[in-house]
Amino acid sequence: MSATPAPNVKNPAPAPAGTEKISLYESRQQIYPQSVSGRFRNIKWALLVGGMLLYYFLPFLRWDRGPDLPAQAVLVDLTNGRFYFFGIEIWPQEVYYFTGLLILAAFTLFLMNAVAGRVWCGYLCPQTVWTDLYLLVERWTEGDRRERMIKAKKPWTPRTLAETALKHFLWLLIAWWTGGAWVLYFADAPTLVKQLATLQAPAQAYIWIAILTASTYLLAGFAREQVCLYMCPWPRIQAALTDEYALNVTYRVDRGEPRASVKKAIALREDGKPAGDCVDCGQCVAVCPTGVDIREGLSMGCIQCGLCIDACDNVMGKIGRPTGLIGYDTDINVHRRAEGLPALKPKLVRPRTLIYLALILGVAAAMGFTLATRRSLGCDVMHDRNPIFVMLSDGSIRNVYTVRVLNETGYERKFYLSLAGLPVGKLSVMGEPAGGGKGVPIIAPPNQTLELRVTVTTPADAQLPQSTPIQMVLTDAKTGETVKKGDYFKAP
Ligand code: SF4
Ligand code: SF4
C-alpha cells in the first residue's frame with residue numbers, strides 16, 4: 001500500500017511551474033546598514049552637518065525689517081501673505097517668483113540627474129540626511145550592524161531595553177527639534193523660542209511641531225528606505241529622464257567576475273583560469289542603506305550614495321588590489337566594457353546638460369533682473385463705473401477713482417499723488433488736505449496697501465472729449481522714486 005508522503009513543512013516542495021501563488025504584498029526585510037568610512041561618506045557627513053546647521057540656525061539670522069516686523073533674515077509672514085529672504089521681499093501679487101523658484105528647482109534636479117543620476121537622493125534629500133542622522137544614533141546606542149542583528153534575534157534584556165529606549169528618546173529629540181526649527185521660520189525666532197519654553201506660544205506652533213515631530217520620527221526612524229523604494233515619485237521620473245552618459249554607481253563586472261576569495265583567486269590564476277577582483281565579502285551590500293547588491297546591476301533601489309564604493313575601496317586597499325571595482329561610471333561604458341572596448345571619459349558637456357544649464361541660467365537671470373529692478377512702491381487705479389462721471393451744479397465734471405498705494409518697505413513713507421495728462425483739472429484725495437505744487441501728500445504705513453478715494457474735477461468750460469487719457473503719479477517725497485498709472489477721464 002502506498003502512503004501519501006506528509007508535506008515537508010520546513011522545506012515545502014516547490015509548486016509545479018506556473019501554479020505558484022503570487023503575493024501582492026512583499027514583507028519588509030529589516031536592513032541593518034553597516035558603518036563605513038571613506039571619501040563619499042565624508043562628503044555625506046559634510047553635507048549633513050552643513051544642511052542641518054543651515055536648517056536649524058537660519059531663523060536666528062537677523063535682518064532689519066523696520067519697526068513692525070521681526071528682524072529676521074528668512075521669514076514667512078502668513079498673516080499678511082509675505083515672504084522675506086534677506087533683501088528679497090515677495091508679496092502675494094508676486095507669486096510668479098515662487099513659480100520661478102519651482103522651475104529652477106526642477107531644472108537643477110534634471111541637471112543633477114543628467115550629470116550623476118540620483119545624486120540628489122544620495123546626498124541632499126532630507127529623507128537621506130535625517131535617516132543618516134538616525135542611523136548614527138542607532139549605531140551609537142545599539143551598536144553596528146552585526147551587534148544589532150544579533151540583538152534582534154535574542155530576547156530583550158534590561159540592557160537592550162535601556163539602549164532601545166535611549167535610541168527612541170534621542171530620535172524623538174531630533175524629530176522635535178526638526179519640528180521646532182520649522183515653526184521658527186514663521187515668527188520671530190528668539191521670541192517664539194521663549195514662548196515655547198514658557199508654554200505661551202500660539203496653539204498652531206505646538207500643532208505643527210507635533211506633526212513634524214511625528215513625521216520625522218516615522219519617516220527617518222521606521223520607513224527609511226521604504227520612502228525611497230515605494231513612496232517617492234522621483235526614482236520613476238528620474239529613470240525616464242536619464243541617459244547612457246549619466247554617471248551612476250556601477251560595479252565593474254569585467255574586473256570583478258568571476259568572484260573568488262583571495263586564496264582561491266591565487267590558485268585559479270596559477271592554474272591559468274580566470275579570477276575576478278571581487279572577493280564576495282558582501283561589504284558593499286552590508287553598508288547599503290537600501291539593501292541593494294550593486295553587483296546585480298543598476299537598480300531602482302540604489303540612491304547613488306556611493307557608500308558601497310567606500311566599502312569596496314577599503315576591501316581592495318586591505319588585499320592590495322586597485323580600488324575602483326565599484327565606482328561612478330556611465331551606462332555606455334558598461335556596454336563598451338562588456339564588448340571588450342576601452343571605457344570612454346565621462347561626457348559632462350553634452351546637449352542635454354547644456355540645455356538644462358541654459359534654462360537654469362535663463363530663469364535665474366530673469367528672476368535676478370526682476371528682483372534687482374523691483375520697486376518698493378506701487379500704485380493701482382480703478383475708475384468708478386457707476387456713475388462714470390458726475391456733473392456738479394456749477395457745470396464742472398468730476399470722476400472718482402479708487403487708488404491703491406503700496407508701500408513695500410518696513411518703514412512709513414511720505415508720497416505725493418499728482419495728476420498728469422489733463423490740461424485743466426484738480427486732483428483731491430477724500431479725507432486728505434489739498435496738495436501743493438508737488439501733489440497731495442500721503443502717508444503710507446509700512447508694509448501696507450493704502451486705499452484712497454480720489455476725485456479729479458475739471459471746470460465747466462474745459463471742453464474735453466468724452467475720454468481723455470490721464471496718469472496718476474505717485475512720488476516718494478524722500479527719494480523721488482516715481483510710479484505712474486494710466487486711466488481715463490470721462491466727460492459727457
Ligand atoms: S548600491 Fe551603493 S550607491 Fe546604491 S544605495 Fe546602496 S550603497 Fe548607495
Ligand atoms: S565590497 Fe567589493 S569585493 Fe566585497 S563583495 Fe562588494 S564588490 Fe566584491
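A few comments on the model shown:
- Computed from label points 7 Å out along Cα-Cβ, the spacing between Glu244 and Ser393 is 9.1 nm.
- For the chain, Cys121, Cys125, Cys228, Cys232, Cys278, Cys281, Cys288, Cys302, Cys305, Cys312, Cys379 stand unpaired, since no other cysteine beta carbon lies under 4.7 Å from theirs.
- Longest segment of the chain lacking chymotrypsin sites (Phe, Trp or Tyr not before Pro) that sit in a DSSP loop with at most 13 other Cβ atoms within 10 Å: 157-492
- Gain on full stretching of the segment that runs from Arg375 to Thr323 - 0.36 nm per residue minus C-alpha separation: 13.0 nm
- Here's how it looks for Thr250: its modeled amide H is under 5 Å from those of Gly327, Tyr328, Asp329, which are all 5 or more places away or on a different chain.
- The value of relative contact order for the chain, using C-alpha pairs under 8 Å at least six residues apart, is 14 percent.
- Loop sites in the range 361-430: trypsin sites (Lys or Arg not before Pro), DSSP, at most 11 other Cβ within 10 Å: Arg385
- The distance from the alpha carbon centre of the range 239-292 to that of the range 378-441 is 78 Å, rounded to a whole number.
- Ile237-Phe85 pseudo-label distance in nm [points 7 Å out on the Cα-to-Cβ vector]: 1.8 nm
- Multiplying the residue separation of Leu101 and Glu451 by 0.36 nm and removing their Cα-Cα distance gives an extension gain of 122.9 nm.
- The range 91-146 versus the range 333-365: alpha-carbon centroid distance in Å: 22 Å
- Neighbour net charge for Gly410 - beta-carbon separation under 14 angstrom, K R +1, D E -1: -3
- Calculated FRET efficiency, Tyr230 to Ala210, Cβ-Cβ distance, R0 = 22 Å: about 0.30 to the nearest 0.05.
- Working note: Debye formula, equal point scatterers on the alpha-carbon atoms of the range 108-188, no solvent; log10 I(q)/I(0) at q = 0.17 Å⁻¹ is -0.83.
- Projected label points at Thr409 and Glu270, each 7 Å from Cα along the beta carbon direction, are separated by 8.6 nanometres.
- Here the alpha carbons of the chain define both size measures, Rg and Dmax, at 34.1, 128 Å.
- Under 5 Å, built H, 5+ apart or other chain: amide partners of Ser35: Arg145
Rule-based calculations on the coordinates, nothing more; no lab input. None of these values were measured; they are calculated from a predicted model. All Cβ positions, glycine included, derive from the backbone under ideal geometry; neighbour counts span all protein chains shown.
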